[in-house]
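Taking it in order: structure first as structure tokens, then the write-up.
The values are calculated or read from the model by the stated rules, or taken from the named source; none is laboratory data. Quick caveat: nothing in here was measured; it's all calculated off a predicted structure. Here the Cβ positions follow ideal geometry from the backbone for every residue, glycine too, while neighbour counts run over all protein chains shown. When the accessible area is computed, the model is the full protein with side chains, heavy atoms only, and any ligands, DNA or RNA have been set aside. Shrake-Rupley method; radii C 1.70, N 1.55, O 1.52, S 1.80 Å.
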Amino acid sequence: MGIAKMDTRRRQSRILVTGGAGFIGSHTVVELQQCGYSVVIVDNLSNSRADVVDRIAKITGVRPEFHEFDLTDRAKTEAFFASASDLDAVIHFAAFKAVGESVRDPLAYYRNNLESLLRVLEGMRRHGTQNLVFSSSATVYGQPDELPVRETSPVQEAWSPYGSTKQMAEEILRFSVAAYGLRAIALRYFNPVGAHESALIGELPLGVPNNLVPFITQTAAGLHDCLEVFGTDYGTPDGTAVRDYIHVVDLARAHVTAVARMIGGKTRSDLEVFNLGTGKGYSVREVIDAFERVSGVRLNVRTVGRRSGDVEQVWADTSLANRELGWKAEKGLDDMMRSAWKWEQALSRSRSAGKE
Ligand code: NAD
Ligand code: WQD
């Protein structure tokens, strides 16, 4: 392939992926390696497992360099950047992401999500790494007044401490790029779901999942008696809430294009913001129907009241990312459900083999 061939003739670009053992990070490491990048992961394994690194190596044939430490640790993060001055870019995934948990313990979220970003920015600044890709979230929009939601839509008052950390992080980036001569791309993800087709990597929900797709696959695997549909009285065609679900592999590929854009000096401003979704909204009911169709498993479903804090409907205008990044989501809802189910079945097999 073009990129890989080109990279064998010059030094491979070297990318730090923080949170690279996690759900989106691990898929991104795979796509980066498959495009010829050299990857170093930093992760404290607070929400992931060390064997993800072996699994990445199994998929790509290349073992990424891995450092296990907490990025809120100033001394360790400084020592890491001091010894890694050859980085061409950083993709910063590392953060806590459970909305409900953030409401119960806001300070843990501000501490982890903001301190890790500050330590990374300090390390980049002191040791001359210019390019940062940051994991932001569609949660910054709340319930937008206009759909599909564009990057220029106003950021609404945060509904959770988690969402607040993403808004604050974008502000930190806005002022830091200008002051320190850095460049950043903030990617606002809509609803990432699915897993790698190998079923070697995927999402590892700790405890009972709050998100729809892991709850569906766990219910189908017999871990829950029934799936609850939160709200059937929304102003949507079938009354259930609508979201823009995006396959994690499509999302991962967008990070590769963002990194290439930065390294190639193609950014149009010091801080760029892109929505990452498919541009299509699906209702909870449609997601359940797609899952049942591709898996052949019928779910026991119960309708209950709305979940507090949920917005009615949101989906992305992705035209900016399509045009500027030259990226477009390729995988549809059926691919998302099929891969999520394959991953759940792989988890079930390792559970019965006593490995979970
Ligand atoms: P994840 O929990 O699977 O991955 C995050 C990784 O970061 C984990 O491996 C965890 O161990 C690590 N980590 C957390 N804090 C750390 C620290 N202080 N030092 C070192 N490592 C640390 O989550 P994910 O779903 O892959 O999300 C990645 C990023 O994308 C997060 O910033 C998240 O907020 C953002 N995001 C996720 C979603 C989603 O629905 N999954 C949606 C929008 C945005
Ligand atoms: C989707 C829809 C639920 C579970 C969350 C975060 C957001 C982002 C992505 C990080 C909603 C319904 C769910 C269930 C259901 N993360 N649902 N039964 O809430 O859109 O977004 O994850 O940035 O910040 O808030 O995703 O998967 O939880 O819910 O009916 O058991 O499914 O009410 O309408 P959400 P979700």
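Here are a few things to note about the model shown:
- For segment 287-316, a residue qualifies if it is open to solvent by less than 30 Å² (accessible area, probe 1.4 Å) and part of a loop (DSSP other than H, G, I, E, B), and the qualifying residues are Leu299, Val311, Val314.
- On inspection, Thr129 qualifies as in a loop (DSSP other than H, G, I, E, B) and over 26 Å from Trp315 (Cβ atoms).
- Positions within segment 211-228 being crowded, with 18+ Cβ neighbours inside 10 Å and in contact with a helix residue (DSSP H, G or I) (Cβ under 7 Å, 6 or more places away or on another chain), in sequence order: Leu212, Val213, Ile216, Thr217, Gln218, Ala220, Leu227
- Residues within segment 323-356 that are in contact with an Asp or Glu (Cβ under 9 Å, 6 or more places away or on another chain), open to solvent by less than 50 Å² (accessible area, probe 1.4 Å) and in a loop (DSSP other than H, G, I, E, B), tallied: 2
- The C-beta contact set for segment 121-147 (first residue closer than 28 Å to Ala82 by Cβ and in contact (Cβ under 8 Å) with a residue 12 or more places away in the chain, second residue open to solvent by 20 Å² or more (accessible area, probe 1.4 Å) and assigned to a strand (DSSP E or B), distance under 6 angstrom, 6+ apart or interchain) comprises Gln130/Arg183; Asn131/Arg183.
- Top-ranked residue of segment 84-105 - restricted to ones that are more than 15 Å from ligand 2 (Cβ to nearest atom) and surrounded by fewer than 17 Cβ atoms within 10 Å (Cβ to Cβ), ranked as farthest from Val29 (Cα to Cα): Asp105
- Of all the listed residues (Phe190, Phe175), the sole one being surrounded by fewer than 17 Cβ atoms within 10 Å (Cβ to Cβ) and among the hydrophobic types (A, V, I, L, M, F, W, C) is Phe175.
- Taking the criterion of being in contact with a Leu (Cβ under 6 Å, 6 or more places away or on another chain) and under 24 Å from Thr267 (Cα atoms), the only residue of segment 93-118 that qualifies is Ala94.
- Test result for Leu132, on the phi < 0 side of the Ramachandran plot, over 19 Å from the mean Cα position of the chain (by Cα) and more than 10 Å from ligand 1 (Cβ to nearest atom): no
- One residue stands out among those in segment 210-232 that are within 16 Å of ligand 1 (Cβ to nearest atom) and part of a loop (DSSP other than H, G, I, E, B): the one that is farthest from Val284 (Cα to Cα), which is Asn210.
- Some residue of segment 160-169 being crowded, with 20+ Cβ neighbours inside 10 Å, under 24 Å from Trp327 (Cα atoms), under 19 Å from the mean Cα position of the chain (by Cα) and of a type in the set (S, T, N, Q): no
- Among the candidates Ser116, Ser46, residue that is at pLDDT 95 or above and in a helix (DSSP H, G or I): Ser116
Okay, residues lined up against (1) assigned to a helix (DSSP H, G or I); (2) hydrophobic (A, V, I, L, M, F, W, C); (3) over 16 Å from the mean Cα position of the chain (by Cα):
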{"residue": "Leu200", "(1), (2), (3)": "no, yes, yes"}
{"residue": "Tyr234", "(1), (2), (3)": "no, no, yes"}
{"residue": "Ala254", "(1), (2), (3)": "yes, yes, no"}
{"residue": "Ser269", "(1), (2), (3)": "no, no, yes"}
